[in-house]
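> Mind having a look at this structure? Questions to follow.
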Amino acid sequence: MARSITSDEFAQQFKDFKHTAWKLEVRDRYNVTKEASDIQHFLRTGDLGRKENFTQTSTWHRNVTSGTAEGKAWQRVRVVSEPLSYYIRWEHAVTRFNIEAGEDIRWLPRHHPAVQELPDFDYWLFDDSWGCLLHFDDDDAPGKSKHIDDPATIALYRQWRDIAWKHAIPHSEYDPQSSKRFNT
């Protein structure tokens, strides 16, 4: 079954899961209004636009930190085009805060053959038993999310997770500077 969920229900999933939260990201750009000025600042100066204690002050990172202290695993794979888009360059730079909070983030270049076996949409998979399909508009802005608990769909989500995780490069080993130029 799939049903649209509110932003409060979406946020609650990150408190309700018991063991694992896993995400597949396949977009080269996310048009999130509150990130725009930080991205532009980073592109001009190389500065992340975040204080060193950002992990302690960000709601997201505090939740990840407390979850990992409880034994929960937070993982994600980002499928990226190379050369990297400006957004992904910034995202790679700020991933240090996610890692510091306890997430395991990996990168999978879009040219890797395994990407052909993956979907062309973003989703979260929680405890291998339910998921959240993420929608975006034509301008890459986040839209409504759908709660997914159909067993056949969840089996596909797990299969895609296993493929992506097997081939993805750990954050500490993925060097975006290996690309000489970047896409916009």
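> How about segment 88-184: which strands (runs of 3 or more DSSP E) wholly inside it have at least 2 residues that are free of Cβ contacts under 8 Å to residues at least 40 places away in the same chain?
So the answer is 130-136.
> Here's something else I'd like to know. Name the single residue, out of those in segment 120-168 being within 15 Å of the chain's Cα centre (by Cα) and exposed (fewer than 15 other Cβ atoms within 10 Å of the Cβ), that is farthest from Ile5 (Cα to Cα).
Per the stated criteria, the residue is Asp120.
> Of these, Ala69, Ala36, which one is modelled with pLDDT under 95, open to solvent by 30 Å² or more (accessible area, probe 1.4 Å), out of contact with any Phe, Trp or Tyr (no Cβ under 7 Å at 6 or more places or on another chain) and among the aliphatic types (A, V, I, L, M)?
Answer to the selection: Ala36.
> Spot the failing condition for Glu100; the list is (1) open to solvent by 10 Å² or more (accessible area, probe 1.4 Å); (2) within 13 Å of Arg78 (Cβ to Cβ), and only one is missed.
For Glu100, the exception is condition (2).
> Could I ask something else about it? Working only within segment 119-148, note down all residues that are of a type outside the set (A, V, I, L, M), in contact with a Ser or Thr (Cβ under 9 Å, 6 or more places away or on another chain) and within 16 Å of Gln12 (Cβ to Cβ).
Trp124, Phe126, Asp127, Gly131, Cys132, Lys144, Ser145, Lys146, His147, listed by residue number.
> Would segment 49-61 turn up any residue that is surrounded by fewer than 16 Cβ atoms within 10 Å (Cβ to Cβ), touching a strand residue (DSSP E or B) at 6+ places or on another chain (Cβ under 9 Å) and not in a helix (DSSP H, G or I)?
Checked against the condition, which is being surrounded by fewer than 16 Cβ atoms within 10 Å (Cβ to Cβ), touching a strand residue (DSSP E or B) at 6+ places or on another chain (Cβ under 9 Å) and not in a helix (DSSP H, G or I), segment 49-61 yields no hits at all.
The values are calculated or read from the model by the stated rules, or taken from the named source; none is laboratory data. All figures in this text were calculated on a predicted structure; none of them were measured in a lab. FYI the Cβ positions are ideal-geometry reconstructions off the backbone, even for glycines, and counts take in every protein chain you see. We work out accessible area using only protein heavy atoms, side chains counted, and drop any ligands, DNA or RNA first. Shrake-Rupley method; radii C 1.70, N 1.55, O 1.52, S 1.80 Å.
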